[in-house]
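These notes are about the structure you will find just below.
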Amino acid sequence: ILEPGGGPDNCDWYSINGGKMLYMDGKWFLFYQAGVCNPDFPGRIHVAWSDDLLHFTKVQNPQPLFTRGPRGAWDQGAVWAPSVFEYGGTLYMYYEGWGVEGAVTNRDRQYFRDGDGGHSQIGIAACSKDDFLKWCGL
């Protein structure tokens, strides 16, 4: 359905996967992980939407929907598996984040080094439904 490449600043030129869907306000929203340097170490979550589940339009907003944490954060390495739901006018996204404690020299290297003690955890992010739809350009 989606071809790699073409997202804002080519955020998904190397890999896209992990898509999850949300139906809201008559549209289907596909939340997926996007990467620019590794097949399985994505640095951001991106979105495409559809009216019919056959034709999808990638959101072209230059501001990312969601990115991995800054250096030293628990999710500084990668973010995966976004699951989004709406409750009370707010969108909540559960996601898997991966990282190690403390800063690393090259966080774009897949899984850093063996023995770094990296691990995954579940995180949650939230925004208002109105802000999300505005970000999508809808």
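Arrange the peptides 22-30, 101-109 so that the one whose residues have, on average, the most other Cβ atoms within 10 Å appears first.
Averaged packing, sorted descending, gives the order 22-30, 101-109.
Can you give the local net charge around residue 136? Use residues other than it whose beta-carbon is closer than 15 angstrom to its beta-carbon, Lys and Arg +1, Asp and Glu -1.
Counting the neighbours of residue 136, the net charge comes to -1.
Rounded to two decimal places and with Rh computed the Kirkwood way over Cα pairs, what is Rg over Rh for the range 38-131?
Rg/Rh for the range 38-131 comes to 1.03.
Every number in this text was worked out from the coordinates using simple rules, so none of it is lab data. Only a predicted model underlies this, so the values are computations on that prediction, with no experimental measurement involved. Heads up, the Cβs are rebuilt from the backbone with ideal geometry, glycines too, and the neighbour counts pull from every protein chain shown.
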